[in-house]
Amino acid sequence: MVWDAKLMPAVNGKTRVVCIIGDPVRHSLSPLMQNAAFAAGGLDYIYVPFAVSAENLESAVAGLKALGVCGFNVTIPHKTAIMPFLDRLDESAEAAGAVNTVQLSGTSMVGYNTDGDGLVDSLLTDLAFSPGEEQILVAGAGGAARGAIAALCRCGAKRILVHNRSIEKALAIMLEMNIRYPETRIDVVSQDRVSDEYLAVTSLLLNTTSLGMNGERIEGIDLSRLPENAKVYDMVYSHSGTPLVKEASASGLRAVNGLGMLVAQGERAYEIWTGHRPPEGVMRLALGRI
């Protein structure tokens, strides 16, 4: 291949650096969508991935601070482990118990979690769903569920039902969120199967588990028992479509996967770092080309 200067990013001594740290990071789509948005927005920024092992996390964070990067994303397995190394946590990170975005403000490192708010943005954009009086059924009780439930509560959700194989994890989330957000009623399904009575009054089914990433099906939820106007959101992102989205669509329900959330959380991170809204639609378009 002949070298062409036009293909090289215009990096210079003034270029500001943003990155993502995790282990692994080779699969991350963030560099693609963030660099596309920086270019479209005319900002002199570049986004790069750094593989950081668990034993090197503390020194990596100190190094990024010393280098003066303007911010970075955090992915598995560091989203919780990084919290003690930051100077302050935003409410979004405190409630989620995890950090996925860090801003360097002067000499201070502030941790945020844009995943939950990105989900809420995507629900509105992709499903025309805004949290309110309707019942939301959440499948899963891991870190993703905790961040999602916290964001839904902050945005006005009044009734959330948690369904998970481990009742203990679901109960822990319920107790914590009921204290933090008393205006939202959060309950747990203690049976292996969600009853028809619960499903009949559910307006949104939200999958926060990784089930579907490799073709797995979520057990214990009969989609045919949902109201015909119910909506289904699968946080798993798959080009070919997840089993949950395919099954819901076949049942006549409006359903989407996690592409919109991936884009929306990235857009919120972009704004935290730059102080500017990203060019509309650029990140989604960049991901759509892969």
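Odds and ends about this structure:
- For region 200-268, the convex hull spanned by the alpha carbon atoms encloses 90 Å³ per residue.
- Sequence-distant residues sharing a close amide H with C19 (under 5 Å, placed H): V48, G71, F72, N73
- On the basis of the beta-carbon distance and an R0 of 35 Å, H27 and E228 show a calculated FRET efficiency of 0.40.
- Across region 195-200, coupling constants 3J(HN,Hα) worked out from phi with the 6.51/-1.76/1.60 Karplus curve, θ = phi - 60°, read 5, 4, 5, 5, 5, 5 Hz, and Gly and Pro carry x.
- Region 103-145 - Rg (one decimal) and Dmax (whole number), Cα, Å: 14.6, 43
- Relative compactness, region 135-290, computed as alpha-carbon Rg over 2.2 N^0.38 Å: 1.08
- GluC sites (Glu not before Pro) restricted to region 66-163 and DSSP loop, no more than 12 other C-beta within 10 Å: E133
- 20 Å Cα cut-off, lysine pairs counted over the chain (separation 8 or more, or different chains): 6
- By the Cα gyration tensor, the chain has an equivalent ellipsoid whose semi-axes, rounded to whole angstrom, run 35, 22, 16 from largest to smallest.
- The stretch between L124 and K158 holds 10.6 nm of extra length on full extension. This uses 0.36 nm per residue minus the Cα-Cα distance.
- For the chain, there are no membrane-span-like helices by this rule, meaning no whole DSSP H stretch whose C-alpha atoms cover at least 27 Å of axis and whose Kyte-Doolittle mean is 0.0 or above; this says nothing about an actual membrane.
- Each DSSP beta bridge with both residues in the chain is either parallel or antiparallel, and the antiparallel ones are about 20%.
- Note on R185 and N12: with the Förster distance fixed at 51 Å, the Cβ-Cβ geometry gives a FRET efficiency of about 0.40.
- The chain: calculated mean residue ellipticity at 222 nm from DSSP helix runs of at least 4, using -39500 (n - 2.57): -10500 deg cm²/dmol
- Hypothetical label at E94: residues of region 145-186 whose amide nitrogen lies under 11 Å (7 Å Cα-Cβ projection): none
- Dividing the convex hull volume of the alpha carbon atoms of region 33-124 by its residue count gives 115 Å³ per residue.
- Here the Karplus curve 6.51 cos²θ - 1.76 cosθ + 1.60, taken at θ = phi - 60°, turns the phi angles of region 277-285 into couplings of 6, x, x, 4, x, 5, 5, 5, 5 Hz, with x standing for Gly and Pro.
The numbers here are math on the coordinates, done by the rules we state, and not lab data. Predicted model, so just to flag it, every value in this text is computed and none were measured. Neighbour counts run over all protein chains shown; Cβ positions are idealised from the backbone, glycine included.
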